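To start, the structure under review is shown below, and the notes come after it.
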Amino acid sequence: MRLLILGGTWFLGRTLAEDALARGWRVTCFNRGRSGKDVPGVESVRGDRTSPSDVERLTGHGPWDAVVDTSVYEPPDATLTARTLRPVAGRYILVSTVSAYRNWPQQPVDESSPLWPSGRDARETDDDVAAMPVAHSYGTLKAGCEEAVQDTYGDSALVLRPGVVLGPYEYVGRLAALLGRAARGGRILAAGDPGQPIQPVDVRDLAAFLLDLAATGVGGVFNVAAPKGHATHGDLLDACVDVTGAPADLAWVDSDWLIEQDVRQWTEIPLWRTPPGTWAVDPSRAHDAGLVCRPLRDTVADTWRWLQTERPVPHERQAEHGMDEEKEARLLAAWDEELTRRR
Ligand SMILES: NC(=O)c1ccc[n+]([C@@H]2O[C@H](COP(=O)([O-])OP(=O)(O)OC[C@H]3O[C@@H](n4cnc5c(N)ncnc54)[C@H](OP(=O)(O)O)[C@@H]3O)[C@@H](O)[C@H]2O)c1
């Protein structure tokens, strides 16, 4: 197999490159050389995916059986790469997101759920897009990227919609924030219900599933998430405490009370999110097609091991994740008072 990755130096792209090389595939990675390093063994092509002449130059390094696009966020950029690469790449595999669903995270979603209406020419900087909340604009733009790729590639397009992705090389900072907090030990503010099912997928399982589908030439659309019942929020935090080894107690605090205190869901407390559809993504189509999810504890342990040896690629989103120590202590003291008051 000959594979082109648009990106390839971060989180999912890097994992894909490593897995594809391990399968004996020929791998080309196209990026600007700004963030991260290419995996040794790939053919590296430098360029900007938003530049028509750079993408045209890239075609000279083909042909490929498939192109994997992990790095597109605006529909016109997807149109450019899909149209330019069509003659030299047999299939186009787009990594989208469950945020493309209009009703996620409010309602359960499967692949037939409606998407955000997408503007095929939309850019993040357009007035109407810039006025949207970030989750909405991200989903709208990704839905537009899906359309752009499907228009050009038809049945040879494969679209994956992951929920939350965790694992080694994560730059977003979700699991790093939880592990960093666990490593400090002491009394840890844990949000909501320890029995809440969660569905994060390990980046290596997502990559393996994507490459398996690339090899067989399957097209269509797949949600990619762990099956319901795979793990709970309590399992996640217990694993963080166990693998870091610091003496720590989890203090579970009611979600409603935390919301009243204006604690930011999803970022200040990573993976805590209360809308009822958050962890109701139907991944059965992907599991029927071969997605296998490793135990969440392995994801947590391997991410902690990786964080001991390498810093994540710097990224603006990292600063959003985790709670200030003083605020956590203040909230825990206030929660203790609240419990006394309720008794
Ligand atoms: N994290 C999650 O929980 C989650 C959940 C659902 C879906 N997703 C999706 O999963 C994907 C994550 O992919 P990822 O982590 O591998 O990478 P990514 O963050 O999308 O892309 C980063 C890669 O693309 C390259 N790149 C960025 N801008 C470029 C440009 N203008 N021209 C050429 N190359 C460019 C970067 O290298 P240079 O900067 O050096 O160019 C880097 O190699 C995204 O599509 C995201 O929407 C993530």
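Structure above, values below:
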| item | result |
| --- | --- |
| Which listed residue, of Val27, Val45, Val55, Val39, is crowded, with 18+ Cβ neighbours inside 10 Å and farther than 28 Å from Arg317 by Cα | Val27 |
| Residue match in the range 59-66 (condition: among the hydroxyl-bearing types (Ser, Thr, Tyr) and either open to solvent by 60 Å² or more (accessible area, probe 1.4 Å) or closer than 30 Å to Val27 by Cβ (or both)) | yes |
| Flag for Ser99 being touching a Pro at 6+ places or on another chain (Cβ under 9 Å), within 8 Å of the ligand (Cβ to nearest atom) and more than 21 Å from Arg161 (Cβ to Cβ) | no |
| Ala177 vs. criteria touching a Pro at 6+ places or on another chain (Cβ under 6 Å), open to solvent by 20 Å² or more (accessible area, probe 1.4 Å) and within 14 Å of the ligand (Cβ to nearest atom) | yes |
| Residues located in the range 19-70, provided they are charged (D, E, K, R) and farther than 17 Å from Ile93 by Cα | Arg23, Arg32, Arg34, Lys37, Asp38, Glu43, Arg46, Asp48, Asp54, Glu56, Arg57 |
| Members of the range 34-62 found to be within 13 Å of the ligand (Cβ to nearest atom), in a loop (DSSP other than H, G, I, E, B) and modelled with pLDDT of 95 or more, listed by number | Asp38, Val39, Val42, Gly47, Asp48, Arg49, Thr50, Ser51 |
| Segments classed as helices (runs of 4 or more DSSP H), wholly inside the range 254-313, with at least 1 members that are touching a helix residue (DSSP H, G or I) at 6+ places or on another chain (Cβ under 9 Å), open to solvent by 70 Å² or more (accessible area, probe 1.4 Å) and modelled with pLDDT of 95 or more | 296-307 |
| Residue in the range 64-84 that is more than 9 Å from the ligand (Cβ to nearest atom), touching a strand residue (DSSP E or B) at 6+ places or on another chain (Cβ under 7 Å) and free of Cβ contacts under 8 Å to residues at least 60 places away in the same chain present | no |
| Counted residues, the range 71-96 - those being under 24 Å from Arg26 (Cβ atoms), outside any helix (DSSP H, G or I) and of a type in the set (Gly, Ala, Ser) | 3 |
| Residue count, the range 144-168 (criterion: more than 11 Å from the ligand (Cβ to nearest atom) and farther than 26 Å from Gly219 by Cβ) | 1 |
| Residue ID - surrounded by the fewest Cβ atoms within 10 Å (Cβ to Cβ), chosen from residues in the range 9-24 that are aliphatic (A, V, I, L, M) and more than 9 Å from the ligand (Cβ to nearest atom) | Ala22 |
| Restricting the range 112-143 to residues that are within 15 Å of the ligand (Cβ to nearest atom) and in a loop (DSSP other than H, G, I, E, B), the residue that is least open to solvent (accessible area, probe 1.4 Å) | Ser118 |
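A quick yes/no check of all residues on (1) within 16 Å of the ligand (Cβ to nearest atom); (2) free of Cβ contacts under 8 Å to residues at least 40 places away in the same chain; (3) in contact with a helix residue (DSSP H, G or I) (Cβ under 7 Å, 6 or more places away or on another chain); (4) not in a strand (DSSP E or B):
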{"site": "Glu170", "(1), (2), (3), (4)": "yes, no, yes, yes"}
{"site": "Gly195", "(1), (2), (3), (4)": "no, yes, yes, yes"}
{"site": "Asp205", "(1), (2), (3), (4)": "yes, no, no, yes"}
{"site": "Leu210", "(1), (2), (3), (4)": "yes, no, yes, yes"}
{"site": "Asn223", "(1), (2), (3), (4)": "yes, no, yes, no"}
{"site": "Pro227", "(1), (2), (3), (4)": "no, no, yes, yes"}
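The values are calculated or read from the model by the stated rules, or taken from the named source; none is laboratory data. What you see is a predicted model, and the numbers here were worked out from it, not measured in a lab. Please note: Cβ atoms are built from the backbone with ideal geometry, for glycine as well, and neighbour counts cover all protein chains shown. In case anyone asks, the SASA skips ligands and DNA or RNA and just uses the protein heavy atoms, side chains included. Shrake-Rupley method; radii C 1.70, N 1.55, O 1.52, S 1.80 Å.
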